[in-house]
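Single-structure report; data block below.
The values are calculated or read from the model by the stated rules, or taken from the named source; none is laboratory data. Small disclaimer: the values here were computed from a predicted structure and weren't measured. Ideal geometry is used to build each Cβ from the backbone, glycine not excepted, and the neighbour counts take in all protein chains shown.
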Amino acid sequence: MIARAALPPGITRRRSPRRREPIFVDIDGTLTNRPDGPGGVVYVERVERLKHLVERGIEIVLWSGGGTAYAREFAAAQGLVGVMCVGKPCLIVDDNRRIRSPRKLLIVGPHRFFRDQT
Ligand SMILES: [Mg+2]
């Protein structure tokens, strides 16, 4: 369960709060100032916020269009320990029809997720 207090202001759970569900966080343009690829300036305060969430038991998955190896390298370089790293999927295969509805999968921009967090 992700405690409401651990979530950024204004973001509420839409699904059952009993299930432990990871938060997927993009890298380029979200944790850096360059949305079109690697090499941007890292938003250190956002990385620190993720470390804090991990310390509190929140499962964080870094994912990137740059692929799994890139996500792992970014996590290692930033000292993000205990996070899972994957490339962005080209396809999701799942029998759960609920996650196919855009109303069931909450997607927010970095400005909303990280606001008032630093
Ligand atoms: Mg991006």
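Details
- Matching residues in the range 58-74 - criterion: being more than 16 Å from the ligand (Cβ to nearest atom), in a helix (DSSP H, G or I) and closer than 19 Å to residue 22 by Cβ: 72
- Considering the range 45-98, the residues that are touching a residue at least 40 places away in the same chain (Cβ under 8 Å) and of a type in the set (A, V, I, L, M) include one that is farthest from residue 30 (Cα to Cα), namely 58.
- Inside the range 1-50, residues that are basic (Lys, Arg) and either at pLDDT 90 or above or in a strand (DSSP E or B) (or both) make up a count of 3.
- Residue in the range 90-108 that is under 21 Å from residue 39 (Cα atoms) and of a type in the set (A, V, I, L, M, F, W, C) present: no
- With respect to (1) assigned to a helix (DSSP H, G or I); (2) touching a strand residue (DSSP E or B) at 6+ places or on another chain (Cβ under 6 Å); (3) modelled with pLDDT of 95 or more, the lone exception for residue 54 is condition (3).
- Yes/no for residue 105 being within 15 Å of residue 23 (Cα to Cα) and in a helix (DSSP H, G or I): no
- A single member of 81, 41 is within 15 Å of the chain's Cα centre (by Cα) and either among the β-branched types (Val, Ile, Thr) or within 15 Å of residue 114 (Cα to Cα) (or both), and it is 81.
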